[in-house]
Amino acid sequence: MALSEGDRLRGHQLLDQATRERLPQLYANEEIGLAALALVKFFTPDANWTWYASEFDGDDIFFGLVSGLEVEFGYFALSELDDIRGPLGLPVERDLHFEPKTLEELADMHRRERREG
């Protein structure tokens, strides 16, 4: 299925040039581990999935935290986020009001919410 022009532009809407440049390169935070800051938050407005990016390869691949079926650290792709639609068909959005937090703080927060929920 070919992407529409609007869908092709979503990658730029999810991650503007200034944010691309602000995110550290992949592996830049290896020395500080979970103390690395997640600078960007993406989420599904109609589901319970959240992606936090702490590093970016400058093109497509992020490293960060994903909270979905599990709370886990790993790699995810901007192109993947562009393709995801929640159960109501809504695309992934970027939280423009997100205040950076460490990966450790975010993982603890999501794990605590799961235990309390």
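If r is the Cβ-Cβ distance from Trp49 to Tyr27 and R0 is 22 Å, what FRET efficiency results, to the nearest 0.05?
0.30
Could you work out the pair-distance distribution P(r) of segment 5-116 from its alpha-carbon pairs, with 10 angstrom bin width and percents rounded to whole numbers?
Histogramming segment 5-116 at 10 Å steps yields 14, 49, 31, 6, 0 percent.
Using the number of other C-beta atoms within 10 angstrom as an exposure proxy, rank Asp59, Asp82 with the fewest first.
So the ranking, lowest neighbour count to highest, is Asp59, Asp82.
Calculate one ³J(HN,Hα) per residue across segment 46-61 by plugging θ = phi - 60° into the Karplus curve 6.51 cos²θ - 1.76 cosθ + 1.60, and present them in order as whole Hz with x for glycine and proline.
After applying 6.51 cos²θ - 1.76 cosθ + 1.60, I find 10, 8, 10, 10, 9, 10, 10, 9, 10, 9, 8, 7, x, 10, 9, 9 Hz.
Determine the calculated [θ] at 222 nm for the chain from helices alone, applying -39500 (n - 2.57) to every DSSP H run no shorter than 4 residues and normalising by the residue count; nearest 500 deg cm²/dmol.
Helix contribution divided over all residues of the chain: -8500 deg cm²/dmol.
Taking the beta-carbon count within 10 Å as an exposure proxy, list Ser67, Ser79 from fewest neighbours to most.
Taking fewest neighbouring Cβ atoms as first place, the list is Ser79, Ser67.
Looking at the chain, identify the longest residue range that excludes and avoids all GluC sites (Glu not before Pro) in DSSP loops having at most 10 other Cβ atoms within 10 Å.
Between exposed loop sites, the widest span is 71-117.
Throughout, read-outs are computed from the coordinates displayed, never taken from laboratory work. The structure presented is a predicted model; accordingly, all values stated were derived computationally and were not measured. When we count neighbours, we look across all protein chains shown, and the Cβ atoms used for this are built from the backbone with ideal geometry, even at glycine.
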